[in-house]
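K.L.:
Quick one: this structure, given as structure tokens, is what I'll be asking you about.
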Amino acid sequence: MSNNSITPFGDLGKPANTLIEKISDAVGGVFKPFQIIRVAHAEVEADRIRAVGQIQITDLERRAMRRLFEEEAKRQSNIESITEKALPLLEEKSAPENMEDDWITNFFDKSRIVSDADMQQLWSRVLAGEANTPGSFSKRTVNLLADLDKSDAQLFTNLCGFGWMIGTLTPLVTDISTVHEFELYNRCGITFDALTHLDTLGLTRLVAVGNFTRMRMPKTYTVYYFGRSVELTFPMDSQNTLSVGQVLLTNAGLQLAPFCGAKPVEGFFEFVCEKWEKESLIPKTSASPFGSQAAI
């Protein structure tokens with residue numbers, strides 16, 4: 001390891017220390033006390049000013065240097081803030097020593113300009129997720145994340161609130177052309193335009209005609225909505241199909257979804273279960289335990 005692991009974070013556990021040392025090795029000592037760097041910059045500027053007889057430094061050049069120092073200080077602050085937020089999310093079994101240097105370099109190249117606190121929290125969850133399980137996030141996913149505005153990230157989080165675990169996380173939207181007519185989706189900003197936007201960003205895949213289906217389903221299959229389970233029963237012993245709507249998450253979407261902070265949408269569990277009741281995938285009862293909602 002390098003000697004660049006001096007940090008402003010105090011005493012830390014082994015996974016956190018290992019992550020900080022790994023980051024320092026990969027991106028060149030970003031955790032040296034910034035005061036040392038600031039003083040060095042000041043001394044360099046003073047030396048250049050003293051050499052004015054040899055090299056003329058204009059006011060414009062001096063302002064440019066000051067701007068550069070201020071920008072780098074802000075980026076340094078962003079790097080440290082994202083890392084600090086990631087440390088409490090590390091697990092005992094995390095393996096930051098196995099993270100690829102190229103991945104770390106790319107991660108901080110993209111995240112160092114992120115100053116919004118909520119977006120920093122998302123980046124920190126990605127950093128911790130990669131440290132906990134190296135290989136969880138591709139560089140392509142990190143690059144996609146860098147292109148997201150805060151409103152994009154919130155919209156994706158809202159969509160994931162409709163996600164059921166059906167093999168993989170699957171946001172259930174049956175008809176994208178009429179989704180705006182349903183209050184459950186509407187209040188979360190899930191409209192046709194919103195879904196098209198997420199598709200353009202590379203977080204989702206849409207199909208305009210028909211539905212995506214899960215193939216070769218067994219006689220019974222358990223699906224989950226934020227920990228609540230439902231057992232589906234199909235008509236045949238095997239080779240059943242299940243329609244899962246017109247929206248799927250891409251690989252990047254699947255990688256980011258567990259870390260976006262999505263929460264269950266009130267009433268959506270009942271909303272979907274009533275639909276499955278009507279399709280005879282779960283038993284109908286004389287008094288439905290799922291309440292009364294309009295079918296999707």
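K.L.:
Can you work out the FRET efficiency for the pair residue 138 and residue 59, with r the C-beta to C-beta distance and R0 = 45 Å, to the nearest 0.05?
P.N.:
Details: r = 46 Å, r/R0 = 1.03.
The value I calculate is 0.45.
K.L.:
Heavy atoms only, probe 1.4 angstrom, no DNA, RNA or ligands counted: give me 215, 65 ranked by accessible area, highest first. Mind showing how you got there, number by number?
P.N.:
On the way: 215 110, 65 25 Å².
From most exposed to least exposed: 215, 65.
K.L.:
Sticking with this structure for a sec: For a test of the definition: using alpha carbon positions, the gyration tensor, and the 1.5 limit on a/c, classify the stretch 95-173 as rounded, prolate or oblate. If you can, show how the numbers build up before the last one.
P.N.:
On the way: a/c = 2.32, a/b = 1.33, b/c = 1.75.
Here the stretch 95-173 falls in the oblate category.
K.L.:
Okay, next question. Report, in debye and to the nearest 20, how large the dipole of the stretch 95-240 comes out about its Cα centre when Lys and Arg carry +1 and Asp and Glu carry -1 on their Cβ. Present the calculation step by step, with values, prior to reporting the outcome.
P.N.:
Working: 12 positive and 18 negative charges, 85 e Å.
Dipole about the Cα centre, nearest 20: 400 debye.
K.L.:
Would you mind giving the three semi-axes, in whole Å and largest first, of the ellipsoid equivalent to the stretch 138-268 according to its Cα gyration tensor?
P.N.:
Values: eigenvalues 126, 54, 43 Å².
Rounded to whole Å, the semi-axes are 25, 16, 15.
K.L.:
I need the calculated FRET efficiency for the pair residue 213 and residue 175, taking r as the beta carbon distance and R₀ as 22 Å, to the nearest 0.05.
P.N.:
Values: r = 15 Å, r/R0 = 0.68.
In this case the efficiency is close to 0.90.
K.L.:
Also: Just for the Cα atoms in the stretch 170-219, what are the lengths along the principal axes, largest first, rounded to whole Å?
P.N.:
Cα spread of the stretch 170-219 along its principal axes, largest to smallest: 36, 25, 18 Å.
K.L.:
Here's something else I'd like to know. In what order, largest first, do 238, 151 sit by accessible area if the probe radius is 1.4 Å?
P.N.:
151, 238
The values are calculated or read from the model by the stated rules, or taken from the named source; none is laboratory data. Quick caveat, the model's predicted, so the values are computed rather than measured. FYI the Cβ positions are ideal-geometry reconstructions off the backbone, even for glycines, and counts take in every protein chain you see. We work out accessible area using only protein heavy atoms, side chains counted, and drop any ligands, DNA or RNA first. Shrake-Rupley method; radii C 1.70, N 1.55, O 1.52, S 1.80 Å.
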